[in-house]
1. Out of all the residues in segment 226-252, which are touching a Gly at 6+ places or on another chain (Cβ under 9 Å) and of a type in the set (A, V, I, L, M, F, W, C)?
2. Considering only residues that are of a type in the set (A, V, I, L, M), crowded, with 21+ Cβ neighbours inside 10 Å and away from the ligand (no atom under 12 Å from the Cβ), look in segment 136-165 and name the one that is nearest to the chain's Cα centre (by Cα).
3. Which of (1) surrounded by 14 or more Cβ atoms within 10 Å (Cβ to Cβ); (2) assigned to a helix (DSSP H, G or I) does Pro133 not meet, given it meets every other one?
4. With the structure loaded, tell me whether Asp65 is within 18 Å of Ala164 (Cα to Cα) and away from the ligand (no atom under 12 Å from the Cβ) or whether it fails that test.
5. Under the condition of being among the charged types (D, E, K, R) and touching a residue at least 24 places away in the same chain (Cβ under 8 Å), which residue from segment 188-220 is farthest from the ligand (Cβ to nearest atom)?
6. Among the listed residues Gly53, Gly32, which satisfies the condition of being out of contact with any helix residue (DSSP H, G or I) (no Cβ under 6 Å at 6 or more places or on another chain) and at positive phi?
7. Within segment 70-94, how many residues turn out to be more than 23 Å from Ala174 (Cβ to Cβ) and either crowded, with 19+ Cβ neighbours inside 10 Å or among the charged types (D, E, K, R) (or both)?
8. Please identify the pairs in which a residue from segment 150-169 that is farther than 19 Å from Arg114 by Cβ and of a type in the set (Lys, Arg) has its Cβ atom under 9 Å from the Cβ atom of a residue that is near the ligand (Cβ under 9 Å from one of its atoms) and outside any loop (DSSP other than H, G, I, E, B), counting only partners at least 6 apart or on another chain.
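Values quoted throughout were computed directly from the atomic coordinates according to the rules given, and no laboratory measurement underlies them. Nothing here was measured: the structure is a model prediction, and the numbers come from that model. Here the Cβ is made from the backbone with ideal geometry for all residues, glycine too, and neighbour counts use every protein chain on show.
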Amino acid sequence: MSLLAGKLGIVFGVANKRSIAWAIAQAWHKAGARLAFTYQGERLKDNVEELAGTFGADTLILPCDVTKDEDIATVFNTVGEKFGKLHLLLHSVAFAPKDALEGRFVNTSREAFRLSHDVSAYSLVALARAAEPLMTEGGSIVAMSYYGAEKVVPHYNVMGVAKAALEASTRYLAYDLGPKKIRVNCISAGPVNTLAARGISGFSEMLKHYEAHAPLKRNVIPEELGATGTFLASEGAAAITGQVLYVDCGYQIMGM
Ligand code: 0WE
């Protein structure tokens with residue numbers, strides 16, 4: 001079943017094969033979409049070329065630091081030239097300085113706050129604005145969030161505040177872009193063992209906590225995020241915009 005046949009998409013946030021962005025990209029590809037990819041920094045170039053190259057030697061792969069307006073402009077100019085239009089955009093990008101994810105939130109520096117919001121939240125606004133002129137047939141923008149946006153998850157700290165800004169931005173973008181038939185939604189994923197999660201102290205305990213407390217008594221797997229990403233990108237979700245979908249084995253409904 002080719003849910004996304006003929007759709008053209010761009011994926012931000014692949015770092016390696018465990019990336020949530022890669023799981024969703026594979027699902028979009030299997031559903032028939034043609035995809036372009038961006039990578040952040042030279043150190044991730046080879047990884048992304050190796051992964052995205054499996055979709056064909058002609059796969060468009062471009063560098064993009066989402067804090068640089070010039071990078072974003074170049075990416076969308078190139079996509080405009082090569083694709084002519086765009087239907088899908090995946091935002092799976094976040095960063096906070098490591099020390100901001102360790103100590104007390106009250107100690108967050110102005111610079112750590114600024115950088116984490118620039119990379120993790122403002123970037124969605126910038127990418128949506130650049131994508132809008134290419135989404136002439138309507139589109140679906142999907143961004144990744146986390147429960148720390150709405151409740152306190154110890155040590156998630158400034159990332160939780162940035163994800164709250166991302167989720168609110170999703171709603172305002174959905175309002176602005178709705179008349180163009182461009183939908184904007186978030187997937188709030190349960191914890192997944194990715195590069196971004198590695199090195200976070202207590203992460204394996206967090207996986208165990210979800211397993212014990214989520215109604216489904218297990219953790220989400222990347223393929224399930226791919227399936228939800230495909231649904232949100234598809235006509236099945238044509239009336240869904242501005243939403244946060246929890247793909248967390250039910251964890252978010254629990255009060256205790
Ligand atoms: O959004 C995230 C993590 C995003 C992230 C990860 C890192 C690690 C390396 C952003 N910035 C950095 N900066 C680094 O230097 N998650 C949803 C995963 C995550 O991260 C946590 C979590 C969970 C869950 C951090 C503390 C507590 C829980």
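1. Ala233, Ala238, Val247, Cys249
2. Taking segment 136-165 and keeping what is of a type in the set (A, V, I, L, M), we get 141-144, 149, 152-153, 158-159, 161-162, 164-165.
Keeping just the survivors that are crowded, with 21+ Cβ neighbours inside 10 Å gives 141-144, 149, 158-159, 162.
Then drop every residue that is not away from the ligand (no atom under 12 Å from the Cβ), which leaves 141-142.
Working: Ile141: 9, Val142: 6 Å.
Among those residues, the one meeting the criterion is Val142.
3. Of everything listed in (1) surrounded by 14 or more Cβ atoms within 10 Å (Cβ to Cβ); (2) assigned to a helix (DSSP H, G or I), Pro133 misses just condition (1).
4. Details: within 18 Å of Ala164 (Cα to Cα): no; away from the ligand (no atom under 12 Å from the Cβ): yes.
So Asp65 fails the test.
5. Keep residues of segment 188-220 that are among the charged types (D, E, K, R), which gives 198, 205, 208, 211, 217-218.
Filter again for touching a residue at least 24 places away in the same chain (Cβ under 8 Å), leaving 217-218.
On the way: Lys217: 18, Arg218: 16 Å.
This residue is Lys217.
6. Working: Gly53 fails: at positive phi.
Result: Gly32 is the single residue among Gly53, Gly32 that is out of contact with any helix residue (DSSP H, G or I) (no Cβ under 6 Å at 6 or more places or on another chain) and at positive phi.
7. 4
8. Once the first residue is farther than 19 Å from Arg114 by Cβ and of a type in the set (Lys, Arg) and sits in segment 150-169, its partners that are near the ligand (Cβ under 9 Å from one of its atoms) and outside any loop (DSSP other than H, G, I, E, B) give Lys151/Gly160.
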